[in-house]
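Report on the structure given below.
What follows is calculated from the coordinates using simple rules that are stated; it is not laboratory data. Model, not experiment: these values are computed from the prediction. In this analysis, Cβ positions are derived from the backbone assuming ideal geometry, glycine residues included, and neighbour counts consider all displayed protein chains.
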Amino acid sequence: MLDASLISALDERGKHRSKQIGQDLRRYYRLLAEGRLALRTRFSTEKLSLILEACNGWTMDPEAPRHLWIQVADGTRLKGLDIKWTVPDLPGLLRRLQELTWLESLALADTVERFWQAKRKGDQLNDPSRALE
């Protein structure tokens with residue numbers, strides 16, 4: 001379902017909404033892929049594993065990516081995920097998550113969603129070392 005603001009945004013860009021939606025999604029997915037590529041050097045497999053596990057089952061609304069760090073903080077406080085995944089500098093990880101740009105936050109949230117979907121399907125992307133591909 002598209003709300004009025006999305007319909008208005010689509011209409012500003014073209015006559016054919018379905019074509020515009022397809023074009024916009026291609027652009028968006030390309031941006032997410034580039035964002036994941038940029039994140040590969042910023043998160044070790046251990047840190048990414050902690051992030052992925054902390055976000056397991058988390059339902060993300062459109063603003064949730066900005067608050068991903070809170071989910072990670074809660075996961076470490078409540079479940080000791082920083083010990084499980086051997087992440088010694090938890091404050092540094094949380095700071096790094098807070099400092100992500102909006103695009104980087106979206107790419108990381110997308111990574112979480114894709115990882116858990118792949119896990120459900122038994123797909124190869126369910127390996128944390130490959131989640132940012």
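Can you give me the number of residues within region 79-88 that are in contact with a helix residue (DSSP H, G or I) (Cβ under 9 Å, 6 or more places away or on another chain), of a type outside the set (K, R) and farther than 17 Å from F115 by Cβ?
Step one: list which residues in region 79-88 are in contact with a helix residue (DSSP H, G or I) (Cβ under 9 Å, 6 or more places away or on another chain), which gives 79, 81-88.
Now drop any that are not of a type outside the set (K, R), which leaves 81-83, 85-88.
Adding the requirement that they be farther than 17 Å from F115 by Cβ leaves 82-83, 86-88.
Within region 79-88, residues that are in contact with a helix residue (DSSP H, G or I) (Cβ under 9 Å, 6 or more places away or on another chain), of a type outside the set (K, R) and farther than 17 Å from F115 by Cβ number 5.
Where in region 1-66 are there helices (runs of 4 or more DSSP H), lying wholly inside it, with at least 2 residues that are exposed (fewer than 12 other Cβ atoms within 10 Å of the Cβ)? Walk me through how you get there before you give the answer.
Numbers: elements: 4-13, 17-39, 45-54.
Answer list for region 1-66: 4-13, 17-39.
Can you find even one residue in region 89-96 that is under 25 Å from R120 (Cβ atoms), in a helix (DSSP H, G or I) and free of Cβ contacts under 8 Å to residues at least 12 places away in the same chain?
Here is the first cut: in region 89-96, the residues under 25 Å from R120 (Cβ atoms) are none.
Within region 89-96 (the criterion being under 25 Å from R120 (Cβ atoms), in a helix (DSSP H, G or I) and free of Cβ contacts under 8 Å to residues at least 12 places away in the same chain), the answer is no, since none of the residues qualifies.
Considering only region 104-122, state which residues are touching a Leu at 6+ places or on another chain (Cβ under 7 Å) and touching a residue at least 60 places away in the same chain (Cβ under 8 Å).
First, pick out the residues of region 104-122 that are touching a Leu at 6+ places or on another chain (Cβ under 7 Å): 104-112, 114-115, 118.
Scanning region 104-122 gives E104, L106, A107, L108, D110, T111, V112, F115.
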